[in-house]
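**Q** Structure in structure tokens, see below.
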Amino acid sequence: MRYGIIGVGAIGGYYGSKMAYSGQEVHFLSHSDYQYVKEHGMQVDSCDGSFHLDHVNVYQHAQDMPKCDVVLVGLKTINNHLLPELLPPLLHERTVVVLIQNGIGVEADVQQMFPDVQLVAGLAFICSAKTEPGRVNHQCYGSINLGNYSCKDESVFNAILDDFTNAGIQAASVPYEEARWKKAVWNMPFNGMTVALNTRTDLLLKNPATRQLIRDLMMEVVGASRALGISGVDEAFVEKMIQMTDEMTPYSPSMKLDYDFHRPMEIHYLYTRPIEIAREAGFRMHKLEMLEAELRFLSKSM
């Protein structure tokens, strides 16, 4: 299958490069480092083995790209207003779009933009950063779960899983709602807390007071999931996420990097929407509501 990558950052750059390195046909849409990648290729510094792509199918404009069977969207959700311009040139009638993005409610809003497009949620469990042109720093983990939102062709969905696997990426099919809220169990506490306290994930867990606060925030996400009738998001999963983060390389999540580099933060889908959805189901995430307010304040002071 032919793949298109929109958003060649820490996530799109990593997964797209891994698939290209494995021999898949991959086409990258890149604005900020288009010229650099065209001239020098793409470098992935990875804990699983570094590699370099000498020749990259890279484009500065979506209109120049070919139609693709699968499009991986690695844009930050704050840029989703660009999708009506960026996506159509890549689409044919059977194209599947995989939204490798953070937050709750993303697929519903993109589906409104593109009612006939087949959507899949991509839930990346990865520590990866891109702070210079044409270079991705993959620190640890790297698996991806796929939740089927509106993909009607099961054979294509399974083929995407196989392509990830063949590229050396651990990939699994998971129930959509459960997958999104499980990702929120980690994302909502750690993204915001690293910004609010100007710290890293490991330091939050080394301090007993903030370790307990992180657990409390995670349990609020569990409570919201239960109120929504979503199974599989429980206290055992919270303990698993805390243990995983204990074992993780000291890490600054994407929201912390955005704040440090004075870029807009993904507050809406990471906080506002899930808080609203939980409230509508009769559950208040009080501490996460306070964290959202702090992030709104900090976003105005950037």
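The values are calculated or read from the model by the stated rules, or taken from the named source; none is laboratory data. Just so it is clear, the model here is predicted, and its values are computed rather than measured. Using ideal geometry, Cβ is built from the backbone for each residue, glycine included, and neighbour counts are taken over all protein chains shown. Accessible surface is based on the protein model in full, side chains and every heavy atom, while ligands, DNA and RNA are left aside. Shrake-Rupley method; radii C 1.70, N 1.55, O 1.52, S 1.80 Å.
**Q** Out of Thr272, Thr210, Gly168, whose Cα points farthest toward the positive end of the dipole of the range 152-295 (charges: +1 Lys, Arg; -1 Asp, Glu; placed on Cβ)?
**A** Thr210
**Q** Using a cut-off of 25 Å between alpha-carbon atoms, which lysines can reach Lys206, once sequence neighbours fewer than 8 places away in the same chain are excluded?
**A** Of all the lysines, those that pass the test against Lys206 - Cα under 25 Å, at least 8 places apart if same chain - are Lys182, Lys183, Lys240, Lys256, Lys287.
**Q** Let me ask something else about it. So if I place +1 on the C-beta of Lys and Arg and -1 on the C-beta of Asp and Glu, and nothing else carries charge, what would the dipole magnitude of the chain be about its Cα centre? I want it in debye, nearest 20.
**A** 600
**Q** Moving on to the next point. Place a +1 charge on the Cβ of each Lys and Arg in the range 221-302 and a -1 charge on the Cβ of each Asp and Glu, then give the dipole magnitude about the Cα centre in debye, rounded to the nearest 20. All intermediate terms of the calculation are to be shown ahead of the outcome.
**A** Details: 10 positive and 13 negative charges, 63 e Å.
Taking the Cα centre of the range 221-302 as origin, the dipole is about 300 debye.
**Q** How far is helix 176-196 tilted, in degrees, relative to the longest principal axis of the Cα atoms in the chain, given as a value from 0 to 90 rounded to the nearest 10?
**A** 70
**Q** Using a basic spin-label model with each label point 7 Å from the Cα along Cα→Cβ, how many nm lie between Gln212 and Met302?
**A** Reported label-point gap for Gln212 and Met302 is 3.2 nm.
**Q** Next up: Hey, what's the range 93-215 come to in accessible area per residue, 1.4 Å probe, Å²? Let's see the in-between values first.
**A** Working: 4850 Å² over 123 residues.
Result: 39 Å² per residue.
**Q** For Lys76, give me every one of the aspartates and glutamates with a C-alpha distance below 12 angstrom, ignoring sequence neighbours fewer than eight places off in its own chain.
**A** Counting by Cα, and skipping residues close in sequence, Lys76 has these aspartates and glutamates nearby: Asp258, Glu266.
**Q** Compactness ratio of the range 1-152: Cα Rg over 2.2 N^0.38 Å, N = residue count?
**A** Details: Rg = 14.4 Å, N = 152, 2.2 N^0.38 = 14.8 Å.
Relative to the 2.2 N^0.38 Å estimate, the range 1-152 comes out at 0.97.
**Q** Using the Cα gyration tensor of the range 217-302, with a ≥ b ≥ c the square roots of its eigenvalues, what is the shape: rounded (a/c below 1.5), prolate (a/b larger than b/c) or oblate (neither)?
**A** Working: a/c = 2.69, a/b = 1.23, b/c = 2.19.
Oblate.
**Q** Tell me the angle of helix 286-300 to the major Cα principal axis of the chain, expressed in degrees between 0 and 90 and rounded to the nearest ten.
**A** Value to nearest ten degrees: 60.
**Q** Still on this model: Using only the alpha-carbon atoms of the range 144-188 as identical scatterers, what base-10 log of I(q)/I(0) does the Debye formula give at q = 0.14, 0.16 Å⁻¹?
**A** The Cα Debye sum returns log10 ratios of -0.36, -0.47.
**Q** Convex hull over the alpha-carbon atoms of the chain: what's its volume per residue in Å³? List each step's numbers first, then the result.
**A** Details: hull volume 36.8 nm³, N = 302.
For the chain, the hull spanned by Cα atoms encloses 122 Å³ per residue.
**Q** Compute the separation of the alpha-carbon centres of the range 23-56 and the range 261-287 and state it in Å as a whole number.
**A** One Cα centre to the other: 34 Å.
**Q** Pull up the DSSP beta bridges for the chain and report the antiparallel fraction as a percent, rounded to 5. Mind showing how you got there, number by number?
**A** Details: 14 of 42 bridges.
Just about 35 percent of them are antiparallel.
**Q** Beyond 20 Å, what share of the Cα-Cα pairs of the range 81-201 remains, rounded to the nearest whole percent? Write down the numbers at each step before the final one.
**A** Values: 3744 of 7260 pairs.
So the pairs more than 20 Å apart make up 52 percent of the total in the range 81-201.
**Q** Here's another thing I want to ask about it. List the trypsin sites (Lys or Arg not before Pro) in the range 1-70 that DSSP assigns to loop (not H, G, I, E or B) and whose Cβ has at most 15 other Cβ atoms within 10 Å. Which are they? Numbers along the way, then the final one.
**A** Working: sites: Arg2, Lys18, Lys38, Lys67; in loops: Lys67.
Answer in residue order: Lys67.
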